[in-house]
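The values are calculated or read from the model by the stated rules, or taken from the named source; none is laboratory data. Everything quoted here is computed from the prediction, not taken from an experiment. Cβ: placed from backbone, ideal geometry, glycine included. Neighbour counts: every protein chain shown. Ligands, DNA and RNA are excluded from the accessible area calculation, which covers all protein heavy atoms including side chains. Shrake-Rupley method; radii C 1.70, N 1.55, O 1.52, S 1.80 Å.
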Amino acid sequence: MYQILEQINRPEDVKNLTPAQLDLLAEEIRCFLVNSVSKTGGHLASNLGVVELTLAIYQSFSLPEDKIIWDVGHQTYVHKLLTGRRDQFGTLRQFGGLSGFPKSEESPYDAFNTGHSSTSISAALGMATARDMSGENYYVAAVIGDGALTGGMAYEALNDAGLLKKNFIVILNDNEMSISKNVGGISNYLTKLRSKPGYFRLKAVLERAFRKIPVIGEPTLLALKKLKDNIRHLLTSNTIFEDLGFTYLGPIDGHDIKLIRFVLENAKRIDGPVLVHVLTKKGKGYKFAEESPVKFHGISRFRVDTGKLEQTQKSEDYSAVFGKSLTEFAEKSSAVCAITAAMPLSTGLASFAKKYPNRFFDAGIAEQHAVTFAAGLAKGGFVPVVAVYSSFLQRAYDQILHDVCLQNLHIIFCVDRAGLVGEDGETHQGVFDISFLSAMPHMTLLAPANFNELHDMLHYALFEHRGPISIRYPRGNAQSQYAGASSFVPHAADLAAEGDDIGILSVGTMTQQALEVRKILSGQAIGAAVINLRTIFPLDKTYIRSLAQKYSMLVTLEDGIKRGGFGEAVSACLAESQASCRLLIKAHDNPVIPHGKPEILYRQCGLDASSVAQDIITKWGEMMA
């Protein structure tokens, strides 16, 4: 079926292909990706956009000796396809299968693990410096998208690279998108650069023409070098990249393999850091992805002929409930604002942005800036709501602590994708937020067990609470069946089910899991109460001590890491009061959790209902012996 693709098992196989074969290979890759991802789900549009760029990189560099670092990494499907992993694509993002991101453990061709944005230039500069310090000789290149270039870390690296003047290449893959449409001054700046795409193509054509002239060709090129550079500066002003110490080449057509290769070969001969600016189209070659690149950025299984998702009916999820609730509450106060870091659709803020455009702020892929920007708004009398994935909130740890919590500012962090997220793997699992947020002064941390609680908690956080507060909730509609025994009351627990022997203290949507555990225990004549804590921190120590007096054994159940989590806080509380009650902490012992469907991962982590119940039965038996 795939005439050329089936012959490609390593990067070297790409080097000797003719231009016609490369064009056919590009078509076959796009056909393979569309058909494969339609069955597994995954990041499609970004990968369709980098087909020619990846092929040109393979023709210009020798992997794995040369090091290519892919920023964010969700655009590496083409790279994986050409490095001996074609037959594994049926397992993409499945437990034990192919990761959706670069992974050194998976292949020697993956030079650096990535999953969050704006890190590649720093990593590439470090690797280039290590190469020089070791006296080795290989090329290092970072491929970074224009969306990732909105992240401040990228500019810290660019600044340092201009100082160190190491030989390495930054390839700016400019498709005018991150997940959603790019925003901000950097996006506008790149738009201006895109309006001058003819210069480098003209230069390339002229150089090739001069080299064909016998005798005088090469000398003429040398003589014209200074004149050529001067003419360039007449045509275009210095770019920000040149001002930072880079040689800037571009912009060029990112779907012209021959041209990209020519430019990369020139870049390899230049001393010092080089930035190659390529223009690509996200979703290229598949009509539906070209028309809806946001939808096809990360997509579940779909029909190739129509582009429609296989699941015809989408149930309501936590992100949508959050967005709808915030839009509703914003009518009550003009002080309510919403902030996102380049994810207005994914975090549920699209409706808010449409209704209240003057109170909606997309900071780009810049979580640090987004948090301190929110702190400035709060200082000015507004009530900012920062909607962000749990794993991405980690990037703004210092800003939350230094700029928000130490000043005790009234800011609401709506922490989406808390707990296991599944197929995106260890870089995206939201299991650290309880531990690091609970350690911060003045922070209150809430966890809803269902949609109604999320709605009520958000209302409380906006209009009744003062100071920093976080509300953590999972991806999708995970375990939202539990309706709640009572309405939300700040700092008051909800008794989800009664029992006389054991008290299970559940965090958020783990309440549904706790109820299933309770059913299993009842079959063993163990009566378990389920207590939905709702307010995780600050811990109500008086209430915890009362539970320790009532039950012979307490169990904490949380979708977060054990170290520094809710369970350890309960343990410390019991130790302080010298309670005789036994405690079993059920949380993630290993914070490195691979990709796979959540139900499989919960079982692997020992947090499915059956595993939790068995651990309780074992400990209960030891107590009764």
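Quick notes on this one:
- Failed item, numbered, when residue 90 is tested on (1) closer than 23 Å to residue 42 by Cβ; (2) part of a loop (DSSP other than H, G, I, E, B); (3) open to solvent by 10 Å² or more (accessible area, probe 1.4 Å); (4) touching a helix residue (DSSP H, G or I) at 6+ places or on another chain (Cβ under 8 Å): (2)
- Among the residues of the stretch 590-599, those identified as surrounded by fewer than 16 Cβ atoms within 10 Å (Cβ to Cβ) and either part of a helix (DSSP H, G or I) or in contact with a strand residue (DSSP E or B) (Cβ under 8 Å, 6 or more places away or on another chain) (or both) are 591, 599.
- Of all residues in the stretch 138-166, those satisfying the criterion of being open to solvent by 10 Å² or more (accessible area, probe 1.4 Å), farther than 11 Å from residue 245 by Cα and modelled with pLDDT of 95 or more are 138, 139.
- Residue check, residue 505 out of contact with any Pro (no Cβ under 6 Å at 6 or more places or on another chain) and closer than 27 Å to residue 315 by Cα: no
- The stretch 284-308 - residue that is farther than 17 Å from residue 423 by Cα and not in a loop (DSSP other than H, G, I, E, B) and, of those, least open to solvent (accessible area, probe 1.4 Å): 289
- Any hit, the stretch 271-280, residues being polar (S, T, N, Q) and in a helix (DSSP H, G or I): no
- Residue 551, sole failed condition from (1) under 30 Å from residue 99 (Cβ atoms); (2) open to solvent by less than 50 Å² (accessible area, probe 1.4 Å); (3) in contact (Cβ under 8 Å) with a residue 24 or more places away in the chain; (4) not hydrophobic (A, V, I, L, M, F, W, C): (1)
- Residue 544 meets each of the listed conditions (1) without any contact (Cβ under 8 Å) to a residue 40 or more places away in the chain; (2) of a type in the set (A, V, I, L, M); (3) more than 22 Å from residue 611 (Cβ to Cβ); (4) open to solvent by 10 Å² or more (accessible area, probe 1.4 Å) apart from (4).
- Residue that is of a type in the set (Asp, Glu) and closer than 19 Å to residue 171 by Cβ, where the choices are 23, 110, 87: 110
- Residue match in the stretch 311-334 (condition: basic (Lys, Arg), under 30 Å from residue 89 (Cα atoms) and within 24 Å of the chain's Cα centre (by Cα)): yes
- Which listed residue is out of contact with any Phe, Trp or Tyr (no Cβ under 6 Å at 6 or more places or on another chain), assigned to a strand (DSSP E or B) and open to solvent by less than 60 Å² (accessible area, probe 1.4 Å), from 557, 521: 557
- Residue-level check: of (1) touching a helix residue (DSSP H, G or I) at 6+ places or on another chain (Cβ under 6 Å); (2) open to solvent by 30 Å² or more (accessible area, probe 1.4 Å); (3) under 26 Å from residue 97 (Cβ atoms), residue 14 misses just (2).
- Flag if residue 585 is among the β-branched types (Val, Ile, Thr), open to solvent by 10 Å² or more (accessible area, probe 1.4 Å), in contact with a strand residue (DSSP E or B) (Cβ under 6 Å, 6 or more places away or on another chain) and touching a residue at least 24 places away in the same chain (Cβ under 8 Å): yes
- Filter pass, residue 98 being in a loop (DSSP other than H, G, I, E, B), under 17 Å from residue 13 (Cα atoms), of a type in the set (A, V, I, L, M) and touching a residue at least 12 places away in the same chain (Cβ under 8 Å): no
- Answer residue from the stretch 385-427, given it is in contact (Cβ under 8 Å) with a residue 60 or more places away in the chain and of a type in the set (Asp, Glu) and is least open to solvent (accessible area, probe 1.4 Å) among those: 416
- Yes/no for residue 342 being in contact with a helix residue (DSSP H, G or I) (Cβ under 8 Å, 6 or more places away or on another chain), open to solvent by less than 20 Å² (accessible area, probe 1.4 Å) and assigned to a helix (DSSP H, G or I): no
- Per the listing 142, 111, the residue uniquely under 23 Å from residue 364 (Cα atoms), touching a Ser or Thr at 6+ places or on another chain (Cβ under 8 Å), touching a residue at least 40 places away in the same chain (Cβ under 8 Å) and among the hydrophobic types (A, V, I, L, M, F, W, C) is 142.
- Within the option set 430, 467, 527, 503, being on the phi > 0 side of the Ramachandran plot and either open to solvent by less than 40 Å² (accessible area, probe 1.4 Å) or at pLDDT 95 or above (or both) holds for one residue only, 467.
- Subset of the stretch 561-571 [open to solvent by less than 20 Å² (accessible area, probe 1.4 Å), in contact with an Asp or Glu (Cβ under 7 Å, 6 or more places away or on another chain) and of a type outside the set (Phe, Trp, Tyr)]: 565, 567
- The test for being touching a residue at least 40 places away in the same chain (Cβ under 8 Å), on the phi < 0 side of the Ramachandran plot, in a loop (DSSP other than H, G, I, E, B) and open to solvent by 20 Å² or more (accessible area, probe 1.4 Å) holds for residue 332.
- Residue pairs whose Cβ atoms lie under 6 Å apart, separated by 6 or more positions or on different chains, with the first residue in the stretch 488-510 and touching a residue at least 40 places away in the same chain (Cβ under 8 Å) and acidic (Asp, Glu) and the second open to solvent by 30 Å² or more (accessible area, probe 1.4 Å) and assigned to a loop (DSSP other than H, G, I, E, B), are 494/485; 494/486.
- Among residues of the stretch 318-343, those that are touching an Asp or Glu at 6+ places or on another chain (Cβ under 6 Å) and at pLDDT below 95, counted: 1
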